[in-house]
1. Go through (1) surrounded by 15 or more Cβ atoms within 10 Å (Cβ to Cβ); (2) touching a Gly at 6+ places or on another chain (Cβ under 7 Å); (3) closer than 30 Å to LEU246 by Cα one by one and return the number of the condition HIS190 breaks.
2. Collect the residues in region 101-153 that are touching a Cys at 6+ places or on another chain (Cβ under 7 Å) and either more than 23 Å from ASP176 (Cβ to Cβ) or not assigned by TED's automatic domain parsing to the domain that holds GLY59 (or both), keeping them in residue-number order.
3. Output the residue which, of all residues in region 146-171 that are surrounded by 18 or more Cβ atoms within 10 Å (Cβ to Cβ) and of a type in the set (Lys, Arg), is farthest from GLN126 (Cα to Cα).
4. When you look at SER156, is it under 23 Å from LEU45 (Cα atoms), in a loop (DSSP other than H, G, I, E, B) and either touching a helix residue (DSSP H, G or I) at 6+ places or on another chain (Cβ under 9 Å) or hydrophobic (A, V, I, L, M, F, W, C) (or both), yes or no?
5. Just give me the residues in region 429-452 being crowded, with 18+ Cβ neighbours inside 10 Å and over 21 Å from GLN292 (Cβ atoms), in sequence order.
6. Checking LEU88 against (1) farther than 20 Å from PHE198 by Cβ; (2) modelled with pLDDT of 95 or more; (3) crowded, with 22+ Cβ neighbours inside 10 Å, which single condition isn't satisfied?
Amino acid sequence: MNTTNTHTPQAFSEYPLEGALQSSLADLGYTHLTKAQEACLSVVLEGQDAAVKAKTGSGKTLAFGLGALQSLIKAQEAGHSGVHTLVLCPTRELAQQVAEQLRLLAKHHANTKILTLVGGISIGPQIASLVHAPSVVVGTPGRVMDLISKQKLDVSAVKTLVLDEADRILDMGFADQMGWILNALPKARHSMLFSATFGSAIQSLTKQYLQKAAVIEVEDNEQHSQITQLGYQIQDDRSVYAVAALLTHYQPQSCMVFCQTKHETQALCDELLGMGFSVHTIHGDLTQAQRQQVLTQFSIKTCNVLVATDVAARGLDLDQVDLVINAQLADSAETHTHRVGRTGRAEQTGTAITLIQDNQQKALAQIAELTNSHIPVKHIQALRFHANRIALPEHECVMIDGGKKQKISKGDLLGALIKQAEIVKDDIGKMQITHDKSYVAIKQRSVKRALAHFREHKVKGKSLRARKLK
């Protein structure tokens, strides 16, 4: 087994990357490699199969993206056509985020079509988009398998395979679909597997589908050293009050609350809404459009509390979260680690709190031991819910029916809002632009002015419908 003791160059400029990729890295402001990238980038660029154990948020997408796109550029120069790279992800959100990262990396290489193929949305437009083969496909196993079996997605020329969050793909029950897809691919290919854990199932997967793979484990002994953890003992029927008390005590700008089931997440969200909090929920029953809106509002800080199940939350690419609350104890140390890891990212500090019943103290102590964490337990009676201390976002979310497909940029929207609508710059917060939608955080006092402007004026010669999201 290879380890990460061997030092590799730390600057991207020292790697033999194509000029187009170096230009994209410069645009994105990436100059030096993360620990995970140092561990695997050389192996990936050499075309050797690799199984990499690294935590979420360690920069692995950039590592395999550079490897896949470097190979794609060289293959196209040699006359390759058709789908070159297939990336399989466990969730729709992760697939969308990976595809977006790859598009940014491929910005300076012409004719790189990157297509996302996921469930939860109509298959018709996806089939239509496959008439002209993409260079890269990023998708979830179920939808990718469906399109291959319908002979709409041709994978006969695939040269690079990436299994992202492979442990979660298995956890979510996609083992059969993934095996079917891998058997449909050419045997001669470059395969990369990335996983947060290396259990027996991942080891078996590596042996079965990867050829003489370099097994790389990125050591992370200080994973949660910057996170303060606490446990609070509660009565069985007081979990909603406990979460509300914690929110008014800490007053976080962003907080993720974890529950076990879809029903529990929705019920807690509804209760917190009734108490006056700015809160949304994300779980498997939401449509793709609903999930996108929820995640965007949380990302641009127009909603500061997100209640989620573990399945929905895994693989989401979110910035630093101030506070994590486990409304129910995680079912394993691994799940607890993924939850808690939502805060304290990128060397920042964070707080993670776990609510437990009387009979769960031993289970929490075991999780603390397995994760090498210190989790002192207090009683929730020390805290009180104060309605007048509810922290609400400064901005509201305005959604605009126009995005990258319509060539709309952040500069276009800023120009329309500041120069034309005469909204002061300080009233405009974060923005996010997707394929066909744009989301802008605007202070409440300027929302009506912004909506009126889009109703009465065009942006780049286009009439764009805008509305406020609740």
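The values are calculated or read from the model by the stated rules, or taken from the named source; none is laboratory data. Model, not experiment: these values are computed from the prediction. Note that each Cβ is placed from the backbone with ideal geometry, even for glycine, and that neighbours are counted across all protein chains shown.
1. Going through the list (1) surrounded by 15 or more Cβ atoms within 10 Å (Cβ to Cβ); (2) touching a Gly at 6+ places or on another chain (Cβ under 7 Å); (3) closer than 30 Å to LEU246 by Cα, HIS190 breaks only (3).
2. Passing the criteria: none in range.
3. Among those residues, the one meeting the criterion is ARG168.
4. Numbers: under 23 Å from LEU45 (Cα atoms): yes; in a loop (DSSP other than H, G, I, E, B): yes; either touching a helix residue (DSSP H, G or I) at 6+ places or on another chain (Cβ under 9 Å) or hydrophobic (A, V, I, L, M, F, W, C) (or both): yes.
Considered against the rule, which asks whether it is under 23 Å from LEU45 (Cα atoms), in a loop (DSSP other than H, G, I, E, B) and either touching a helix residue (DSSP H, G or I) at 6+ places or on another chain (Cβ under 9 Å) or hydrophobic (A, V, I, L, M, F, W, C) (or both), SER156 comes out as yes.
5. The answer is SER446, and nothing else.
6. (1)
So that you can scan it fast, the table gives a plain yes or no per residue for (1) in contact with a Ser or Thr (Cβ under 9 Å, 6 or more places away or on another chain); (2) at pLDDT 95 or above:
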| site | (1), (2) |
| --- | --- |
| SER239 | no, no |
| VAL257 | yes, yes |
| HIS263 | no, no |
| GLU271 | no, yes |
| SER278 | yes, yes |
| ASP285 | no, no |
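For every residue, the table says whether it meets (1) of a type in the set (Ser, Thr, Tyr); (2) more than 19 Å from VAL440 (Cβ to Cβ); (3) touching a strand residue (DSSP E or B) at 6+ places or on another chain (Cβ under 7 Å); (4) not assigned by TED's automatic domain parsing to the domain that holds LEU62.
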| site | (1), (2), (3), (4) |
| --- | --- |
| ASP270 | no, yes, no, yes |
| VAL279 | no, yes, yes, yes |
| ALA289 | no, no, no, yes |
| VAL294 | no, no, yes, yes |
| SER299 | yes, no, yes, yes |
| THR302 | yes, no, yes, yes |
| VAL307 | no, yes, yes, yes |
| ASP319 | no, no, no, yes |
